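Report on the following structure.
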Ligand SMILES: *Cc1c(COP(=O)(O)O)cnc(C)c1O
């Protein structure tokens, strides 16, 4: 027997260790489309509870928008359910190219290539365009999928301290002799909700002859005054060599991703990027849905404006109530609790109050930086935010953390 008792026990032991560390991930079943109001089964087998969703990436509220659903139905009706092929064999429809062209226009780049996910885009792009004579210099807080992409690439790798521009410059000087240097960053960092200093990064890239890569998964559709992303916010449209992003967050929330940027880089991805060459084409129903999303966003900034207004309202409400927040101006608003157990207890109490928001702690965030990460959506109405605020204040009072400083909270609860 190949999967012997001892092998099974080996794996059971590892699962136990994960549980022992308190980092076992329990999934909660949602019995509804992704939206501001959802019905959740938690724990498994419990009766359904109606809660307000404060932790999805549905930033623009488009995940179950009627026009997007209608477009998806049209995609299904006119182009079928699946392509049963990778792009370069017989998996490219007219609508795949249409979506690539629309993304190019939306992002203000030269060309775009679709991937099954942004994880795949990040896994494929570096290996496709760099070799052992090159160096990748990444922010220390980049997303896990970028770290995997870096691992798969033969170029050298170095890092700079999070958003530390003088450290980045030192690294650029250190690697001055390389054939190519690529600065690698997230646009918005998902755990803290802060944005990369794209203007300073571009200036350093120009000074030191480096390329710039940004993953705008938590920005595309709503950061910048027309929602193009961090390059719009920092006035560096057209100056980013490689943008990767996902269709699984603000841009409809289904799945898929892309690499967008210099046309030669995009072409090399088509020729060489392994997740593009060896993983199936995005399904027509999703392609059709994302095309509609881009049409909606190109016609009006109403949704991203509402999101900005909601996020400001939420941030101000929590600040006035006396919570410690991470500074920032994105719809990702982390409520700092510092202690891991407190973050879990707080989240459970919120759930009892009808608010769905998850606590994060080490190793997802650094030790002593446990938090409830809230994410605001254009799908939230004021009454959602007011009810959530009321619940946060009630639970905050219970644990006596309102108006308390970081030090005061840690003195009581520990790190
Ligand atoms: C969510 C996320 C991804 C992964 O996107 P998928 O399309 O779901 O694979 C990649 N990078 C960043 C920064 C993300 O936040």
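In terms of its Cα atoms, segment 66-299 spans 56, 37, 28 Å along the principal axes, sorted from long to short.
Placing a pseudo-label 7 Å from each Cα along the Cα-to-Cβ vector at residue 394 and residue 161 gives an inter-label distance of 4.3 nm. Label-to-label distance, residue 313 versus residue 170, with points set 7 angstrom from Cα along the beta-carbon direction: 4.5 nm.
Summarised as an ellipsoid, the chain has semi-axes of 34, 27, 24 Å, derived from the eigenvalues of the Cα gyration tensor scaled by 5 and square-rooted, with the largest first.
The mean sequence separation of alpha-carbon pairs under 8 Å and at least six residues apart, normalised by the residue count of segment 66-299, gives a relative contact order of 32 percent. Once you keep just the Cα pairs under 8 angstrom separated by 6 or more residues, what percentage relative contact order results for segment 1-96? Reported as a whole number, the value is 14 percent.
When both segment 46-84 and segment 261-296 are represented by their alpha-carbon centers, they are found 20 Å apart. Counting only alpha carbon atoms, the long axis of helix 165-174 and the longest principal axis of the chain meet at about 40°.
To the nearest ten degrees, helix 118-129 and the longest principal axis of the Cα atoms of the chain are 30 degrees apart. For the chain, the longest principal axis of the alpha carbon atoms and the long axis of helix 198-208 meet at an angle near 40°. For segment 47-164, just say rounded, prolate or oblate: build the C-alpha gyration tensor, square-root its eigenvalues into a ≥ b ≥ c, call rounded for a/c under 1.5, and beyond that prolate if a/b exceeds b/c, oblate if not. Oblate, since a/c reaches 1.5 and b/c is not below a/b. For the chain, the relative contact order comes to 20 percent (Cα pairs under 8 Å, sequence separation of at least 6).
Let me have the 222 nm mean residue ellipticity of the chain computed from DSSP H runs of 4+ only, each contributing -39500 (n - 2.57), with the sum over all residues rounded to the nearest 500.
Working: 16 runs with 182 residues, N = 415.
Using -39500 (n - 2.57) per qualifying helix, the result is -13500 deg cm²/dmol.
None of the figures in this text is laboratory data; all of them are computed from the coordinates on show. This is a predicted model, so every value here is computed, not measured. All Cβ positions, glycine included, derive from the backbone under ideal geometry; neighbour counts span all protein chains shown.
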